[in-house]
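I have placed the structure first, in the form of structure tokens, so that the comments after it can refer back to it.
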Amino acid sequence: MSGLAEGFLFLAQPWPFFWLLLGVASGIFVGAVPGLGGGMLISLVMPLTFNMDHTSALVMMVGMYVGSVSGGLISAILLRMPGTPSSVMTTLDGYPMAVNGQPGRALGLGIGSSLIGGLIAGIFLVFLSPPLARWALAFGPWEYFTMALMALVMIASISQGSMLKGLLGGVLGVAMALPGLNESDGQTRLTFGFHALDDGFNLLPVLLGVFVMSQVIQDSIDIERRGSRIRVGREPIMPPAREWRRHSVNLARSSVVGTWIGILPGVGASVSSMVSYGLARTFSKQPQKFGTGHDEGIVASEAANNANVGGALIPLIAMGIPGSPIDAILLGALVMHNIQPGPLLFTSNASFVWALIAAYLAANVLMFVMMAASARRIATVIDFNRAYLLPVIFVFCLVGAFALSNRLFDVWIVIGFGILGFVLQLAKIPLGPFVIGLVLANLLEAQLRSGLQLSDGSYWPMLTRPIAGSFTVLSLICLAYPFIKRPRVSPIES
Amino acid sequence: MQSDRAPTADAWVDVIVGLALIGLAAVLWIGSLSIGAPFFDPLGSAAVPRACAVLIAAFSLTMVLQAAGKLRRARRARGALPQEPSAQALTEEVIAEAATWRRRPWLAFAFVVLCGAYMAVMQWRLAGFRVATGVFVLASVVLLGGFKPRTLVIGAILALLLAIGGHLLFTRFFYIDLP
């Protein structure tokens, strides 16, 4: 706990606090704007942090992460256009409640649930991360390889849509990380004579392309899209304390579910909110009210999606494995700031880790205060003409990609991967597995190589070593799951 | 993404993208043939590219065959297939129901071409960041927002802000070199 106290002391300094505040505020705003998102914001800001202190940079990005997941509820409730995928379930009850004359109450329920979900996940983050990191210190190459493989398989099988397409996305991501210098023999591969590819595809331009440029292309197709805006009156938006007691079971359950789904490597907030919404409905005394503007639906969705953020930080901090696609971007940011992710982070850079954990907790509180004070005002400015926004976003992409190595080739990569990301989404091939595959590819290959060297070329340790074997079995279960589960009615269908 | 496409349109997208990915897998495989044999390395540098090529080809081929099956069934049924319910499709439907709007794919294509032209101007040193950005922003705002007095004025203001203000911000505050 002394580490956590030091983390809070760090945040109490003027500049770190300023960066955290800026991160949360920008995250809320960007999360509230349909078509933008936390991944896009963090990718755009990453190159601007090159000359910043790395702790402040990551503190700001964690603030953006928390803010963006929460900000999505504003447009979900008032515009019926979820600002982020994790707020889709909030739309189902938030918008009807707003239409029924209670937009402020819907906002208040969402904001309060986001805070509670985030703080409950924070408790898990504080108490689970250190022992998990110590446990991961016992990992060898086979454990890392099978865990990374499990992350890819999990996100492919648990994400929405076809598992086949999820797996295809994951393998494509791995393939895109292969061109360039291979560290094992110092030779370049898959460059086809293009010397610009000798360093491979740099991670930042690829992320900018996949997360930002592809969305810019989609937004320009939907340039005429407008939401049906509901105005929030002057009524107080935060429900009284006795109402929150009524929701305590739902809050606790949704927060725990969100946290544990977040811990699963690769799975994002949208899955958490969907599962929690379904559970809330199953256990509700009034299931027929879900979808008509029911409190419990908003509470379940928002508690879970914010708890997912904290849960997803646990494997990232403890083991260097991203808990969600946005955590994959944070992993890229860590590498860019010369911080080696993995279980040794707690021992080699404990003050940095505790500052991040403290930033997560503080970001949830700041998010609550800011959104409670300004949700009404944000709602009036988020539905604006994207014709003014999209060119600005592309200019930021250009600057960000160019700043990496001072070459315009990286900006062409942004455009190329933007088109690729758009085409993949058109074919309903999810981008989450693609990004996870891209980020974990080098780890996968390096650990497999090390494992094979230790086992004289045998693959059996994947099954015979206890931890590696467990990860392998879990991966196989995930692969087999779609074939053995009974068809279920989704919470939206019924 | 769009949810009101006919299922047959989804199937055609799967076929086209699947075939393109099979082509990519072939390129990966051919590229891996020029990678040298390993020394003292049980894995080698070619193993992972070849594994990716095989997996991409296999998954893409399965996707193409599934899509071809859907198209065949649609032709037999002489109409669109009923859309298979899935959580993704249903959540997209929620989003799509929010408002009706006209989609502009050619506008998006033109915008991407404009982005490419912006890059090319700087790549071939026809103009620096300030001039190229000013022209790009104004042209993009007009392209996306229409040739109206309001968009012209706002576009011009944005163009100036980004070209001059942005240049100062990135070079003096963030210490980023610009083309």
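Only the coordinates and a few stated rules stand behind these numbers; no lab work does. Everything numeric here is computed off the predicted structure, so don't read it as measured data. Positions of Cβ are generated from backbone atoms using ideal geometry, with glycine treated the same way; all protein chains shown enter the neighbour counts.
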Cα Rg, Dmax (largest Cα-Cα span) when computed across the stretch A:356-494, Å: 22.9, 64
Separation between the B:A156 and B:I16 pseudo-spin-labels, each 7 Å from Cα along Cα→Cβ, expressed in nm? 4.0
Pairwise Cα inverse-distance average, inverted: Kirkwood Rh of the stretch A:1-61 (Å): 12.4
If I stretch the segment between A:E235 and A:S348 completely, what's the gain in nm (0.36 nm per residue apart, minus their alpha carbon distance), one decimal? 35.6 nm
Classified through the alpha carbon gyration tensor (a ≥ b ≥ c as square roots of its eigenvalues; rounded if a/c is under 1.5, else prolate when a/b is larger than b/c, else oblate), the stretch A:239-290 comes out oblate
In nm, give the distance between the simple-model label positions of A:T380 and A:R242, each being 7 Å from the Cα along the Cα-to-Cβ direction. 3.4
Inter-label distance, nm, simple model (7 Å from Cα along the C-beta direction), A:E6/A:T282: 4.3
In whole percent, what relative contact order does chain A give with Cα contacts below 8 Å and a gap of six or more residues? 28
Taking neighbour counts of Cβ atoms within 10 Å as a proxy for exposure, in what order, fewest first, do A:K289, A:K428, B:K70 appear? A:K289, B:K70, A:K428
Cα pair distances in the protein assembly as shown, grouped into 10 Å bins until the bin that holds the longest one, percent each: 3, 15, 26, 28, 19, 7, 1, 0
Rounded to whole Hz and in sequence order, give me ³J(HN,Hα) for the stretch B:110-126 from the Karplus expression 6.51 cos²θ - 1.76 cosθ + 1.60, θ = phi - 60°, writing x for Gly and Pro. 5, 5, 5, 4, 4, 4, x, 5, 4, 5, 4, 4, 7, 4, 8, 6, 7
Please compute the Cα-Cα pair-distance distribution of the stretch A:18-113 with 5 Å bins starting at 0, giving whole percents from short to long. 3, 17, 23, 20, 14, 10, 7, 4, 2, 0
Amide H partners (placed H, <5 Å) of A:T188, local residues excluded: A:N182
One can check that the equivalent ellipsoid of the stretch A:410-461, built from the alpha-carbon gyration tensor with semi-axes equal to the square roots of five times its eigenvalues, has lengths in Å, largest first, of 33, 14, 7
Using the Karplus equation 6.51 cos²θ - 1.76 cosθ + 1.60 (θ = phi - 60°), what ³J(HN,Hα) coupling, rounded to whole Hz, does each residue of the stretch A:197-213 give in order, writing x for Gly and Pro? 8, 4, 8, x, 7, 5, 4, 4, x, 5, 5, 4, x, 5, 8, 9, 5
Across the stretch A:253-262, in residue order, what do the Karplus-derived ³J(HN,Hα) couplings come to in whole Hz, using 6.51 cos²θ - 1.76 cosθ + 1.60 with θ = phi - 60° and x for Gly and Pro? 4, 5, 5, 5, 4, x, 4, 6, 5, x
FRET E, pair A:I484, B:D41, Förster distance 60 Å, beta-carbon r, rounded to 0.05: 0.95
Computed FRET value (nearest 0.05) for B:R75 with A:V99, which takes r as the C-beta separation and R₀ as 41 Å: 0.45
